[in-house]
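Note sheet for the following structure.
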Amino acid sequence: MSERERDEHSGVETTGHEWDGIKELDNPLPRWWLWVFYGSIVVAVVYWVLMPAWPGLRGYTPGLMKQSDRADVVEQLNALRAQRGRGETLLTAASLEQIEGDPDLQAHALAVGQSVFGDNCASCHGVGGGGAKGYPNLRDDVWLWGGSLAEIEHTIRVGVRTAHPETRMSQMPAFGRDGMLADGQIADLTEYVVALSGREADREAVDRAGQLYADNCAACHAPNGAGARELGAPDLTDREWLYGPDRDSIRGQIHNGRNGVMPTWEGRFSPAVIKALAVYVHVNAGGGEPSGASAAAAP
């Protein structure tokens, strides 16, 4: 074998590799790097022996220490369930009124409710429950389906317009989209609704829409526009609007008949968690139960 070329400046042999006139020197690796490399091999071998490492056809090598992160997580979850078990038992056994009447039990319910609300409800109703356009404000005392503890708990449990057999159900027709009313009639009805809420409106349009309202809207919203909670029909005489109080928003609602959906949480949450969530919403809303329904209070 012929002697390899040596670099004329350093005297080190080259590897024979060359790129654009630059030759690679065959310098040995630093001693410290080699020891680290050899040490990492030893650590890897020890790890393979002690810890789960190698996959197999039906599992993996468990290692001498029998370490299992999955078993650790299960153990931690069981410990957490045991820790929460007493509080959940108390919530399950107590009535909604008893929960709110007991400071310690209410504090526990509020803590659970806040956590559950943040994970499941805040994406629509906002972190503080203030809602947004198309999503009800849960911080006020205006409720379409009722603001009592029992009514809030029922709404959470069965949802709104879901497949649950007891779901809250109302249906706003799409008068324009489905060709039930002409554009001019919808424009007149818009002015009529504006007038119902106590605002200035086109009087001629309001007069024309009187019979239209009686024929198409009064059965649910009542002749005076005050709505009907038992039908889930919003009050049109107040200043609370789910989709907006301006004429374009009202016209859009009449034309398209938006019907929002709130999930049913029965089956996803335990009865204790649903109670805690109902208490959390009720306490933060002030617990009001106003008469009449509101367009801002329902999906």
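The values are calculated or read from the model by the stated rules, or taken from the named source; none is laboratory data. Treat the numbers as computed from the prediction; the structure is a model and nothing was measured. With ideal geometry, Cβ positions are generated from the backbone for all residues, glycine too; neighbour counts draw on all protein chains shown. The protein model used for the area step is the full one, side chains on, heavy atoms only, and it has no ligands, DNA or RNA in it. Shrake-Rupley method; radii C 1.70, N 1.55, O 1.52, S 1.80 Å.
Observations, loosely collected:
- Scanning the range 244-273 for residues that are under 25 Å from residue 195 (Cβ atoms), part of a loop (DSSP other than H, G, I, E, B) and open to solvent by less than 40 Å² (accessible area, probe 1.4 Å) returns 244, 257.
- Residue within the range 218-235 that is closer than 30 Å to residue 106 by Cα, within 25 Å of the chain's Cα centre (by Cα) and open to solvent by 30 Å² or more (accessible area, probe 1.4 Å) present: no
- For the range 174-208, the set of residues classified as surrounded by 12 or more Cβ atoms within 10 Å (Cβ to Cβ), assigned to a loop (DSSP other than H, G, I, E, B) and not charged (D, E, K, R) consists of 174, 175, 176, 180, 181, 197, 201, listed by residue number.
- Residue list for the range 78-87, filter: open to solvent by less than 80 Å² (accessible area, probe 1.4 Å) and closer than 17 Å to residue 269 by Cβ: 80, 85, 87
- Note on the range 93-107: residues that are closer than 14 Å to residue 278 by Cβ and surrounded by 13 or more Cβ atoms within 10 Å (Cβ to Cβ) total 7.
- Restricted to the range 130-168, and to residues there that are among the hydroxyl-bearing types (Ser, Thr, Tyr) and in a loop (DSSP other than H, G, I, E, B), the residue that is surrounded by the fewest Cβ atoms within 10 Å (Cβ to Cβ) is 148.
- Only a single item in (1) open to solvent by 100 Å² or more (accessible area, probe 1.4 Å); (2) in contact with a Ser or Thr (Cβ under 6 Å, 6 or more places away or on another chain) is not met by residue 3, and it is number (2).
- Being modelled with pLDDT under 90 and either in a loop (DSSP other than H, G, I, E, B) or not small (Gly, Ala, Ser) (or both) holds for only one residue in 293, 226, and it is 293.
- Residues (among the basic types (Lys, Arg), under 16 Å from residue 232 (Cβ atoms) and in contact with a helix residue (DSSP H, G or I) (Cβ under 8 Å, 6 or more places away or on another chain)) located in the range 158-203: 168
- Screening residue 7 with (1) farther than 30 Å from residue 116 by Cβ; (2) out of contact with any Leu (no Cβ under 9 Å at 6 or more places or on another chain) gives one miss only, at (2).
- Among (1) touching a Ser or Thr at 6+ places or on another chain (Cβ under 8 Å); (2) open to solvent by less than 70 Å² (accessible area, probe 1.4 Å); (3) not aliphatic (A, V, I, L, M), the one test that residue 48 misses: (2)
- Elements of type helices (runs of 4 or more DSSP H) in the range 1-106, at least 2 residues being within 30 Å of residue 284 (Cβ to Cβ) and of a type in the set (Gly, Ala, Ser): 69-93
- Failed item in (1) touching a residue at least 40 places away in the same chain (Cβ under 8 Å); (2) part of a helix (DSSP H, G or I); (3) open to solvent by 60 Å² or more (accessible area, probe 1.4 Å), with residue 171 passing the rest: (2)
- Filtered residue count, the range 204-248, keeping only those that are free of Cβ contacts under 8 Å to residues at least 40 places away in the same chain and of a type in the set (S, T, N, Q): 2
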